[in-house]
Number of protein chains: 2
Amino acid sequence: MKINNDWWKWGSAEKRKSLKNYPLFGDHLQKLWGKAFDEMQPAPEQANIIADEQRVAFIQKLFASELPQIKISTDPAIRLTRSLGKSYHDLVKALFNLPIPLPEAVIFPGNHDEVLRVLQFASLNNIMVLPFGGGTNVVGSFDIAEKAHALIVFDMSEMKSLLSLDEKNHVATFQSGIMGPEIEKQLNAKGYTLGHFPQSFEFSSLGGWIATRSAGQESSSYGRIEDIVISLKVATPVGAITTSGYEGDAEGINIKSLFFGSEGLFGIVTEAKVRIHPLPENKKWVIAVYPAFENGLDTLRELVQMDIFPSVVRFSDENESFFLSMLSHQEPSLMGDIKAFVSKQVLKWKNIEKPNLMILRIDGKEEESLAKKVIADSIVRKNKGFLTGDSIGKKWETSRFGLPYLRDDLMERGIFVDTMETVLPWDKLADFKKHLLKQLQGCSAFGLEKGILLAHISHVYTSGASIYFTVITAQDRKQPVEQWKTIKALVTGNIVEAGGAVSHHHSIGRDHQPWYLAKTDALTKKLLLSIKKTLDPERIMNPGNLFDE
Amino acid sequence: MKINNDWWKWGSAEKRKSLKNYPLFGDHLQKLWGKAFDEMQPAPEQANIIADEQRVAFIQKLFASELPQIKISTDPAIRLTRSLGKSYHDLVKALFNLPIPLPEAVIFPGNHDEVLRVLQFASLNNIMVLPFGGGTNVVGSFDIAEKAHALIVFDMSEMKSLLSLDEKNHVATFQSGIMGPEIEKQLNAKGYTLGHFPQSFEFSSLGGWIATRSAGQESSSYGRIEDIVISLKVATPVGAITTSGYEGDAEGINIKSLFFGSEGLFGIVTEAKVRIHPLPENKKWVIAVYPAFENGLDTLRELVQMDIFPSVVRFSDENESFFLSMLSHQEPSLMGDIKAFVSKQVLKWKNIEKPNLMILRIDGKEEESLAKKVIADSIVRKNKGFLTGDSIGKKWETSRFGLPYLRDDLMERGIFVDTMETVLPWDKLADFKKHLLKQLQGCSAFGLEKGILLAHISHVYTSGASIYFTVITAQDRKQPVEQWKTIKALVTGNIVEAGGAVSHHHSIGRDHQPWYLAKTDALTKKLLLSIKKTLDPERIMNPGNLFDE
């Protein structure tokens, strides 16, 4: 099938980045690998699709006669763009022209009742269903290798309404297909924010956040999506559920939580009632560099254990800080700013050869945020941190959704970039990072000593924190999938062995399934399957994903 | 069966209170009803038990031969004291000598494995099981009217160990039978607190808090029990479950939440890993009186909607404030202090004829708690609140667990006292309180105009708050159960009609079951039953409670 060869890329074309925009980074890679990474290998214009035209015709006819009011498309291009997420594996499939099985149709429901009607219809007719929000899934949730039956994708993008806004009680109800920017636009207009800003914010949906237990960049103060959502309306193949609608009730068991991280296995969340907040009156930045990763960890741990949770936490290890310092052309330069500031104070700076950069933002009323900043500043200093100016924080904030745009170009150049994350107790974070790097440096898929491992802490809890890794190395263009699988298995295997969560904020999908299944007890799996059987007796919802072996 | 006639009373004998200790309150009641309430009617010394000695012998023999290592008692007094909770209905049964069916035995498991073994054994032998923590349940969870099979109570009081304390990551693991004071004693010794202080704190257990979705008096900052617990170990009739053990993971669906509010229907929580906190460095009090209930509500709403959550929130309406002012002998006198303070400033005071008393406590580092207090003070003043001295807060704190001791004496004197609570959106609270009083004043069981309705706000959320009602009236000594049922039905019916939760922090039990079942959708009920069937296929766990019709 002929298609524009950038169909698989992130976001909007005009915002795309190239390694050429970052010559320092390009030079660094060239020095490391002895090659320029300038052999571009774009995706072909002929997509390698697996389509079953008989099934397509069957679905078309069935919907035309039975559900003529449902908006449906069988256009192959539309079907193809709803067949992949944005995991490294997904992009490899597009870039290397691997076969991609298409769904038979994409439907665009407009409201809860339509979703319910089509799900019940699909269940009766043994049609498989895949919910699709923004398509930014990075854990292989859309990766349906074999299809025993016809499959339709529910594209939720038309369900994007703000259904109600209750300014007195700070509650809003949205349809689940609404994307991050539209939520904020609607709320900001009235002086509110949802406070949920995952890296994918610009292109991911409320329903997707719920299905994957998403955590935004400001989760430490506004909460993860499961803290933000008060109640859910869900359509399943056997009927609708509306969960108990209060903050802090004891009205029996609240089954709301079963849908967080359920990845479309139980039904489709159609509406969510959420907590909203006034736009922050004050944003106080605490920006610091530390001589060692451990010093920053101690700072964060001490802060949250005294119940001070910054809204933004971004603490990069020395490798990631160095990487950020190389992104110094065209992009706002974070480390450039720091160096300029620090060079005035050479005596202090010289103790920090390889700075670890920390960005904190503390919101609140003037008196409160100032008091917290004073406390935070003193804890930074106590832990050998060197405080710098605010501008770095503000620049981070304006550029924070930009980085995914660079990955597509790197992949076309033969550079492997993937990210993995977990949550670990405070006292295990530093050692695990060292251990993981050592393990990777023994692995040829990682490029041994030439591989790059970046790390940052971005979500903090009383008992631990999320650590987020970025792996950069030369792509194995002959065996790109095998290379990815090797690295993924090495990182996830080590995470699980260290006692970390299989996922911190991207959920399980098919990519994490083996580790998740291995560490989940038999009775929990049995329980989840019994819930599945009750809500989806014909097993049409995203079969084979998550706990569904 | 002969037994000490105070076996059904609250707590320890030496702390008991009598109406005689509160002459102002006594005078008030006498004026209102034209009688002195001095005809004491204590419980008889001959308890009216229903015991099946054949079943007892069967259980005794079975355990002796099959589970000889399990500690078991068939002493009727021990069985009787594990047959009731502390709801008004429970106490009426003791006081009025209504028949109380006894369990056949009480077992005292020592650890998770013993619980698991006995549950599996009970399931094979069709023996019903009731978990019992501190016995302070107030929603009729132990109210087994008919017993189709033998019943054993699991008294969890011997499972009271601190299993591990991780000071670096602020995590502790306890056995579930441990009581509030023992938790705090163990943690305080190392400088920590759990921060969970329900009214029943002195006599309720960690497992009970989990089974009922408990909220403590400091939940607004430390969280409800479901926020405090990181993970659970559960024994069910078909095996054990250990839930995913992280704060903030996205490791699939976290089934932990199914056990909050499950009231012993799925199994028995045996261990819980919890977040702990350093003992507060500072406690800043904000004590104020308001001319109207609405003013205090506005203060609380504005505070929490700017993300300032005091650790203690206690806002009494004018009736409850007046009631507190009458408890002015022997007990620390709250309103006495206020009046003394305010009398110096007569001009301000005279605008507040019927004060509504608010007690807030703000914890944290000195700078932070001070900043929050400054903000809170200004919001109090903005909403017509009149700030008074700290001593009232400190007195409230030292006497806060004392009030339940008075109820038993009132009941013996022929005074009806019961409490009910819900959670409602901010903008419905004041009107609902007025509406409820009006409804009650039309009800003869409430004593029409002579009935007393006290209210306070004690748990606050972004979108609403819990309102807690105390009903005081003359007891119908001829039909005490019918009187209670009439009042309970009137209050709960009105709560549900107004859109409130059936329970805010006491769970459903048998007492709330009709309203809970009526407002829960069919598919949710089906789902809960399917979970029940998976974990408890023989339906031995607390049958007939909660959703189990």
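The values are calculated or read from the model by the stated rules, or taken from the named source; none is laboratory data. Remember, it's a predicted structure, so these values are computed and weren't measured experimentally. Here the Cβ positions follow ideal geometry from the backbone for every residue, glycine too, while neighbour counts run over all protein chains shown.
Before we move on, is residue B:486 out of contact with any His (no Cβ under 8 Å at 6 or more places or on another chain), assigned to a strand (DSSP E or B) and of a type in the set (Ser, Thr, Tyr)? Step through it out loud before you land on a result.
Numbers: out of contact with any His (no Cβ under 8 Å at 6 or more places or on another chain): yes; assigned to a strand (DSSP E or B): no; of a type in the set (Ser, Thr, Tyr): yes.
Spelling it out, it is not the case that residue B:486 is out of contact with any His (no Cβ under 8 Å at 6 or more places or on another chain), assigned to a strand (DSSP E or B) and of a type in the set (Ser, Thr, Tyr).
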Next on the checklist: Restricting to the range B:498-531, name every residue that is more than 18 Å from residue B:262 (Cβ to Cβ), in contact (Cβ under 8 Å) with a residue 12 or more places away in the chain and surrounded by 19 or more Cβ atoms within 10 Å (Cβ to Cβ).
Outcome noted: B:500, B:515
Checklist entry - Can you name the residue in the range A:1-49 that is over 26 Å from residue A:474 (Cα atoms) and in contact with a helix residue (DSSP H, G or I) (Cβ under 7 Å, 6 or more places away or on another chain) and, of all such residues, is surrounded by the most Cβ atoms within 10 Å (Cβ to Cβ)? => result A:3
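How many residues does the range B:423-448 contain that are of a type in the set (D, E, K, R) and within 13 Å of chain A (Cβ to nearest Cβ)?
The first filter runs over the range B:423-448 and keeps only residues of a type in the set (D, E, K, R), leaving B:427-428, B:431, B:433-434, B:438.
Now restrict to residues that are within 13 Å of chain A (Cβ to nearest Cβ): B:427-428, B:431.
The total comes to 3.
Just the residues that are part of a helix (DSSP H, G or I), among the β-branched types (Val, Ile, Thr) and either at positive phi or surrounded by fewer than 21 Cβ atoms within 10 Å (Cβ to Cβ) (or both), please, taken from the range A:380-422. Please lay out each step first, then the result.
We begin by selecting, within the range A:380-422, every residue part of a helix (DSSP H, G or I); these are A:380-382, A:391-399, A:404-412.
Filter again for among the β-branched types (Val, Ile, Thr), leaving A:380, A:392, A:398.
Answer for the range A:380-422, where residues must be part of a helix (DSSP H, G or I), among the β-branched types (Val, Ile, Thr) and either at positive phi or surrounded by fewer than 21 Cβ atoms within 10 Å (Cβ to Cβ) (or both): just A:398.
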Checklist entry - Just for the range B:161-177: of the residues that are more than 14 Å from chain A (Cβ to nearest Cβ) and in contact with a Ser or Thr (Cβ under 8 Å, 6 or more places away or on another chain), which one is surrounded by the fewest Cβ atoms within 10 Å (Cβ to Cβ)? => result B:163
Item to check | Number of positions in the range A:516-549 that are in a loop (DSSP other than H, G, I, E, B) and either among the aromatic types (Phe, Trp, Tyr) or at negative phi (or both) | outcome: 11
Item to check | Scan of the range B:231-263 for residues that are crowded, with 24+ Cβ neighbours inside 10 Å, of a type in the set (A, V, I, L, M), at the interface with chain A (Cβ under 7 Å from one of its Cβ atoms) and within 27 Å of the chain's Cα centre (by Cα), ordered by number | outcome: B:241, B:258
Checklist outcome for this item: Here the residues within the range A:50-65 that are surrounded by 14 or more Cβ atoms within 10 Å (Cβ to Cβ) and among the acidic types (Asp, Glu) are A:52
Checklist entry - Is it the case that residue A:149 is over 30 Å from residue B:301 (Cα atoms) and either among the hydroxyl-bearing types (Ser, Thr, Tyr) or away from chain B (no Cβ under 14 Å) (or both)? => result yes
Next on the checklist: Please pick out the residue among B:130, B:116, B:67, B:84 that is closer than 30 Å to residue B:233 by Cα, of a type outside the set (Gly, Ala, Ser) and modelled with pLDDT under 95.
Outcome noted: B:84
Checklist entry - Only one of (1) over 26 Å from the mean Cα position of the chain (by Cα); (2) in a loop (DSSP other than H, G, I, E, B) is not met by residue B:30, so which one is it? => result (2)
Checklist entry - Within the range A:449-469, is even one residue assigned to a helix (DSSP H, G or I), away from chain B (no Cβ under 14 Å) and either acidic (Asp, Glu) or touching a residue at least 12 places away in the same chain (Cβ under 8 Å) (or both)? => result yes
Checklist outcome for this item: With the first residue restricted to the range B:48-76 and required to be in contact (Cβ under 8 Å) with a residue 60 or more places away in the chain, and the second required to be among the charged types (D, E, K, R), Cβ contacts under 6 Å at 6 or more apart or on different chains are B:55/B:104; B:59/B:104
Next on the checklist: Looking only at residues that are in contact with a Pro (Cβ under 7 Å, 6 or more places away or on another chain) and within 15 Å of residue A:468 (Cβ to Cβ) in the range A:187-214, which one is nearest to the other protein chains (Cβ to nearest Cβ)?
Outcome noted: A:214
Checklist entry - Out of all the residues in the range B:174-211, which are β-branched (Val, Ile, Thr) and in a strand (DSSP E or B)? => result B:193
Checklist entry - Exactly one of (1) at pLDDT below 95; (2) facing chain B (nearest Cβ under 10 Å) is unmet by residue A:544. Its number? => result (2)
Checklist entry - Does the range B:476-491 contain any residue that is touching a residue at least 40 places away in the same chain (Cβ under 8 Å), surrounded by fewer than 24 Cβ atoms within 10 Å (Cβ to Cβ), more than 26 Å from residue B:414 (Cβ to Cβ) and not polar (S, T, N, Q)? => result no
Item to check | Which numbered condition residue A:319 fails, given (1) buried (at least 22 other Cβ atoms within 10 Å of the Cβ); (2) at pLDDT 95 or above; (3) not in a strand (DSSP E or B) | outcome: (1)
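Condition check: crowded, with 24+ Cβ neighbours inside 10 Å, within 24 Å of residue A:507 (Cβ to Cβ), more than 8 Å from every other protein chain (Cβ to nearest Cβ) and in contact with a helix residue (DSSP H, G or I) (Cβ under 8 Å, 6 or more places away or on another chain). Does residue B:269 satisfy that?
Details: crowded, with 24+ Cβ neighbours inside 10 Å: yes; within 24 Å of residue A:507 (Cβ to Cβ): no; more than 8 Å from every other protein chain (Cβ to nearest Cβ): yes; in contact with a helix residue (DSSP H, G or I) (Cβ under 8 Å, 6 or more places away or on another chain): yes.
No; evaluated as a whole, the condition is false for this residue.
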Checklist entry - Which one of the conditions (1) touching a residue at least 60 places away in the same chain (Cβ under 8 Å); (2) within 30 Å of residue B:286 (Cα to Cα) does residue B:409 fail to meet, given that it meets all the rest? => result (2)
Checklist entry - Checking residue A:168 against (1) within 19 Å of residue A:279 (Cβ to Cβ); (2) outside any loop (DSSP other than H, G, I, E, B), which single condition isn't satisfied? => result (2)
Next on the checklist: I'm trying to understand the selection: among the residues of the range A:33-71, which are outside any helix (DSSP H, G or I) and farther than 30 Å from residue A:107 by Cβ?
Outcome noted: A:34, A:35, A:36, A:37, A:38, A:39, A:40, A:41, A:42
Next on the checklist: I'd like to check something: does the range B:441-449 contain any residue that is touching a helix residue (DSSP H, G or I) at 6+ places or on another chain (Cβ under 8 Å), within 19 Å of residue B:503 (Cβ to Cβ), buried (at least 21 other Cβ atoms within 10 Å of the Cβ) and not assigned by TED's automatic domain parsing to the domain that holds residue B:92?
Outcome noted: no
Next on the checklist: Scan the range A:276-293 and tell me whether some residue there is of a type in the set (Gly, Ala, Ser) and within 11 Å of chain B (Cβ to nearest Cβ).
Outcome noted: no
Checklist outcome for this item: Result of the Cβ filter at 6 Å on the range B:22-34, keeping first residues that are free of Cβ contacts under 8 Å to residues at least 24 places away in the same chain and partners that are assigned to a helix (DSSP H, G or I) and surrounded by 13 or more Cβ atoms within 10 Å (Cβ to Cβ), at least 6 apart or interchain, is B:26/B:19
